[in-house]
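Report on the structure given below.
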Amino acid sequence: MPQYELMYLLGSTVADDQVQTISDSVKKFVEDFGGSNIVETSLGKKKLAYPIGKTRNGHYVVVDFSMDSDKINALDAKVRTQDSTIIRYILVNMDEHLERLEKDKKVQAAMPKRVIPNPEPEAQEKKPAVTLDLSQEDIDKKIEAALAEDITK
């Protein structure tokens, strides 16, 4: 039987003491549709990334289970028609997800890596340093000559 994961989000209108009863009812839905190896994990109350129907906080619950694939649509419909306590949910076939993940890893490994060229100091043209063997007096004379020169000609 395929392995599935159901993650659902309960709105902030649900009191903290009601979370367990709703989780038990969802777990009972899974059992009623033939689910086995049911493992439920409550991730607690967390702030949402964006408001959903004026709700800013929600209780996250994850249920892992095995079920025949022909009954999964009925479970999906049952969770969808649940009263407004479940504001978001996702039901994932973990076997297909893991196969897709392995396939993506192989494709990414086969892709050529993009190399960003790093300018090497040797590749750039180096200008030779100009060294003059002039004394301080010679330099002063050249400066005075340059200042006295008439450039308006």
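The values are calculated or read from the model by the stated rules, or taken from the named source; none is laboratory data. What you see is a predicted model, and the numbers here were worked out from it, not measured in a lab. We place every Cβ from the backbone using ideal geometry, glycine too, and count neighbours over all the protein chains shown.
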Considering only the stretch 1-112, give the helices (runs of 4 or more DSSP H) lying wholly within it that have at least 1 residues that are in contact with a Leu (Cβ under 9 Å, 6 or more places away or on another chain) and not small (G, A, S). 19-32, 72-80
Members of the stretch 82-91 found to be exposed (fewer than 13 other Cβ atoms within 10 Å of the Cβ) and at pLDDT 85 or above, listed by number: I90
Looking for whichever is touching a helix residue (DSSP H, G or I) at 6+ places or on another chain (Cβ under 8 Å) and over 18 Å from G11 (Cα atoms) here; the options are D64, D76, D68. Which one fits? D64
Counting only residues that are over 22 Å from Q18 (Cβ atoms), more than 21 Å from the chain's Cα centre (by Cα) and among the aliphatic types (A, V, I, L, M), the stretch 34-72 contains a total of 2
Which listed residue, of D17, D68, D32, D24, is out of contact with any Asp or Glu (no Cβ under 8 Å at 6 or more places or on another chain), in contact (Cβ under 8 Å) with a residue 24 or more places away in the chain and among the acidic types (D, E): D68
Would you confirm whether any residue within the stretch 22-29 is at pLDDT 85 or above, hydroxyl-bearing (S, T, Y) and surrounded by 14 or more Cβ atoms within 10 Å (Cβ to Cβ)? yes
